[in-house]
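The values are calculated or read from the model by the stated rules, or taken from the named source; none is laboratory data. Note that the coordinates shown come from a computational prediction; the quantities given were computed from them, not determined experimentally. Note that we place each Cβ from the backbone using ideal geometry, even for glycine, and neighbour counts take in every protein chain shown. Please note that ligands, DNA and RNA were not included when accessible areas were found on the heavy atoms of the full protein model with its side chains. Shrake-Rupley method; radii C 1.70, N 1.55, O 1.52, S 1.80 Å.
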Amino acid sequence: MTDLQQIQTIKSQTLALIAEITALPKPTYKIDGQNVLWTQYLARLHETADWCDRQMAVVAPTETRSQGCV
């Protein structure tokens, strides 16, 4: 698996988790002295998706062609 494929897989998995969390939101709770903050978890997932976008731009840069008028 190439780096690009791995990044695409990570992004795909992250987006699936975001869809799951937003479809069935859960309350914040405390278990064994640890807080589980779903809003922070969701924010981290968004950060991960953004990171994937930045990495894909580096690994597989795109070319934009334009044509000017004379």
Inside region 47-70, can you point out the residues that are touching a helix residue (DSSP H, G or I) at 6+ places or on another chain (Cβ under 9 Å) and either over 16 Å from residue 7 (Cβ atoms) or of a type in the set (Asp, Glu) (or both)?
53
Within region 27-46, tally of residues that are in a loop (DSSP other than H, G, I, E, B) and open to solvent by 100 Å² or more (accessible area, probe 1.4 Å):
1
Answer with yes or no whether residue 67 is under 14 Å from the mean Cα position of the chain (by Cα) and either open to solvent by 60 Å² or more (accessible area, probe 1.4 Å) or polar (S, T, N, Q) (or both).
no
Residues that are modelled with pLDDT under 95 and either assigned to a loop (DSSP other than H, G, I, E, B) or of a type in the set (Ser, Thr, Tyr) (or both): does region 5-16 have at least one?
no
